[in-house]
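Inspection log for the structure reproduced underneath, given as structure tokens.
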Amino acid sequence: PSPGVTVDLEQRSGSGWQPLGSGVTDAQGRIRALVPEQRLAGWGAGEYRVVFRTGAFYARQKQSTFFPEIPVVFTVDSASQHYHVPLLLSPYGFSTYRGN
């Protein structure tokens, strides 16, 4: 797990991105609720992006990284579905997928 990674959630709005929420990964490398309760009403189908701010995480460990941030763009088809976007991380590579 990678504790202490800041993660931002954004929604595509026109030609830019609108911030929706932000959080920091816990000891298990998770954020339990990235979308704040007051923003859930606006959660719907569309294009979203989570940005993992990995540069600061590695800097605290005094370790270099090739990816100072990792943006992951994904499409939400239905607000009633669960969306879990894990990031498997190393200093010089990463992998992501839609989890359960």
Of the numbered conditions (1) at pLDDT 95 or above; (2) in a strand (DSSP E or B), Pro68 fails exactly one; give the number of that condition. (2)
For the range 76-100, enumerate the residues that are under 19 Å from Gly44 (Cβ atoms) and open to solvent by 90 Å² or more (accessible area, probe 1.4 Å). Asp77, Ser80, His82, Arg98
Within the range 88-97, can you find the residues that are in a strand (DSSP E or B) and either out of contact with any Ser or Thr (no Cβ under 7 Å at 6 or more places or on another chain) or in contact (Cβ under 8 Å) with a residue 60 or more places away in the chain (or both)? Leu89, Ser90, Gly93, Phe94, Ser95, Thr96
Note on the range 1-12: residues surrounded by fewer than 17 Cβ atoms within 10 Å (Cβ to Cβ) and part of a strand (DSSP E or B) are Arg12
Considering residues of the range 13-28 that are in a strand (DSSP E or B) and either open to solvent by 60 Å² or more (accessible area, probe 1.4 Å) or aliphatic (A, V, I, L, M) (or both) only, the residue farthest from Val51 (Cα to Cα): Ser13
Show the residue pairs meeting these rules: Cβ distance below 7 Å; 6+ apart or different chains; first residue within the range 43-71 and closer than 19 Å to Gly93 by Cβ; second residue of a type in the set (Ser, Thr, Tyr) and exposed (fewer than 14 other Cβ atoms within 10 Å of the Cβ). Tyr58/Ser64; Phe66/Tyr92
Tally the residues that are modelled with pLDDT of 95 or more and of a type in the set (D, E, K, R), restricting the search to the range 13-46. 1
Inspect the range 47-63 for any residue being small (Gly, Ala, Ser) and open to solvent by 70 Å² or more (accessible area, probe 1.4 Å) and give the result as yes or no. no
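The values are calculated or read from the model by the stated rules, or taken from the named source; none is laboratory data. These numbers come from a predicted model, not from an experiment. With ideal geometry, Cβ positions are generated from the backbone for all residues, glycine too; neighbour counts draw on all protein chains shown. All accessible areas refer to the heavy atoms of the entire protein, side chains included, with ligands and DNA or RNA removed. Shrake-Rupley method; radii C 1.70, N 1.55, O 1.52, S 1.80 Å.
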